[in-house]
Amino acid sequence: MSKLFEALTPYLDKSYALSSALTIFSWDNSTIAPKEAIENTSRAIGLLSGEYYGALVNEEVKRLLLQLTEPENHKQLTFEEQAIIRVLNKQYQQMAAIPPEEFQAYNALVSSAYPVWEQAKANNDYASYAPVLEQVIAYKKKFAAYTKKEGQPLYDVALDDYEEGFTVAILDEFFSKLRTALVPLVQKVNEKKGWIQTDFLQQDYDIEQQKSFCRFLAEYVGFDFNRGTFGESEHPFTTSLHNHDVRITNHFYQNRLDFAIFSVIHESGHALYEQGVADEISLTPIGCGTSMGMHESQSRFYENNLGRSLAFWTPIYAKLQQTFPTQLEQISLEQFYRAVNHAQSSLIRTEADELTYPFHIMIRYEIEKEIFSGDVSVHQLPALWNDKYKQYLGITPPTDTEGILQDMHWACGNFGYFPSYALGSAIAAQIYHHLAQVMPLETHLKEENLQPIRAYLQEHIHRFGMAKRTREMLQEMTGEDFCPDYYIAYLTEKYSKLYDL
Ligand code: ZN
């Protein structure tokens, strides 16, 4: 290790320790912390966040980073060290570009915006939320303008926060392909409402039994309980302290068996990514998934491409039937497979099926793009939202609660985040196509052998953490840059068959 890099390590270690503490608090708050804890706990969180910021943003780190980026010094670094410098530099430049008083004011605004949004959603009262949303947008645009390069669309800066290398130009092409190919398909599927029987999934399913089956499923796909644990929360999520401590949550509904089953497979996909990061980089700033989209590709690959396939359930459906004999004894594997893949236009993004999901994202993407180009005011957003739902999904939200108020992202200032969800599905389909070329994928699934699949993903994606970027890994693994055609082909083939189109 070079002397210069060595000088940086105490700062990295400290920031890592502080961020771990913050992660534990956040996990705790979402899972088992008592209701009244938050007010006092937030004081500790506030203090630790300040320390965390100070550990990385200071004159000494700034000086070291400057020196470490000089070509002479930079070339003495290992590949991983260079990646750490790249990631830190990016964070640094973003933070340094924003005047501290504006950053503070923005943080205060965002923490006050959240409860306003929550209330507005509960009361179906967009008007009460519009002024604060307007302010959040103004800040986000201002911040993006600070780091915007000559000729770069402002929205590209927002996208870059979540998905390096993906721009408006790439996303426009991606969504335009989806629109052309899938709008007619969704229409045809919508016309066949009731074609697939799903009512048996909404029977009474004992929650303890659901939990034990979910534990089985996590282990089945490869979640390592010696290096991970389970919790329960309102919305399922995954969090990671390092590759030996990865935690996932689930939520159980008595009458929604498929919710828990597919949530646990989804979160296990995220967890396998984090558990698969190489030991050498796990405790460093590059010791986690490389981007939102790549992360989401891993969860969706397991949840949808594998988890909702007939081959996946072939060896284990009998076990599910044995767990719930009265509910599923009369239901065949084929019926079960069809039910968990049924599709129909719906209003709520988080409840959407695999086919209609990308339209929820496309709508948000198009609106965000207009917001960033300044063509639309906050007061026009609900109407714009509803028009797009009508146009793409053929339905209109009866209330803003079921429309524009449904997601918390904008209240939290997360503009540019949504596209990653759709990119994740598209990347997953590309990876699935590739895997089917290099190994007998279906045979592995039918033979209860997920190990080769897991090992391949670990070898080509997981172990690198952030040392490699999304498009770079796709290119190296599949020999091809990001290509949405596989996603379109996958959805078209799957749903044409399911709906006999
Ligand atoms: Zn996810």
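What follows is calculated from the coordinates using simple rules that are stated; it is not laboratory data. Note that this is a predicted model, so its numbers are computed, not measured. Ideal geometry is used to build each Cβ from the backbone, glycine not excepted, and the neighbour counts take in all protein chains shown.
General remarks:
- Principal axis dimensions, the stretch 238-360 - Cα atoms, whole angstrom, descending: 51, 34, 27
- The chain - Kirkwood radius from inverse mean 1/r over Cα pairs (Å): 24.2 Å
- Cα convex hull of the stretch 3-141, projected area averaged across orientations, nm²: 10.9 nm²
- The chain: calculated mean residue ellipticity at 222 nm from DSSP helix runs of at least 4, using -39500 (n - 2.57): -20000 deg cm²/dmol
- Taking amide H as placed 1.01 Å from N in the peptide plane, Gly231 has its amide H under 5 Å from the amide H of Ile248, Thr249, Asn250, each at least 5 places away in sequence or on another chain.
- Between Lys14 and Glu219, the C-beta separation translates, for a Förster distance of 41 Å, into a calculated FRET efficiency of about 0.70.
- Semi-axis lengths (Å, descending) of the ellipsoid that matches the C-alpha gyration tensor of the stretch 299-441: 35, 20, 12
- When the alpha carbon gyration tensor of the stretch 89-204 is reduced to an equivalent ellipsoid, its three semi-axes come out at 37, 25, 13 angstrom, largest first.
- Take every Cα pair under 8 Å whose residues are at least 6 apart in sequence, average their separation, divide by the length of the stretch 3-141, and the relative contact order is 23 percent.
- Peptide ranges 307-320, 347-360 listed from the most packed, as the mean C-beta count within 10 angstrom indicates: 347-360, 307-320
- Taking the C-alpha atoms of the stretch 102-155, convex hull volume expressed per residue in Å³: 73 Å³
- Pairwise label distance in nanometres, Gln254 with Lys192, each label 7 Å out on the Cα-Cβ vector: 3.5 nm
- Excluding same-chain neighbours fewer than eight residues apart, the lysines reachable from Lys141 by a Cα-Cα span under 19 Å are Lys90, Lys149, Lys369.
- Reported value for the stretch 211-254: 68 Å³ per residue, from the convex hull of its C-alpha atoms.
- Expressed to the nearest 5 percent, the antiparallel share of DSSP beta bridges inside the chain is 45 percent.
- Within straight-line cross-link reach of Lys188, lysines at Cα separation under 26 Å, skipping those fewer than 8 residues along the same chain: Lys177, Lys388, Lys390, Lys494, Lys497
- Taking 7 Å steps out from each Cα toward its Cβ at Ala278 and Asp204 produces label points 5.4 nm apart.
- Spin-label model distance (nm) - Glu370 vs Asp485, 7 Å beyond Cα toward Cβ: 3.2 nm
- Sites Gln93 and His235 - FRET efficiency at Förster radius 25 Å, r taken between beta-carbons, to 0.05: 0.15
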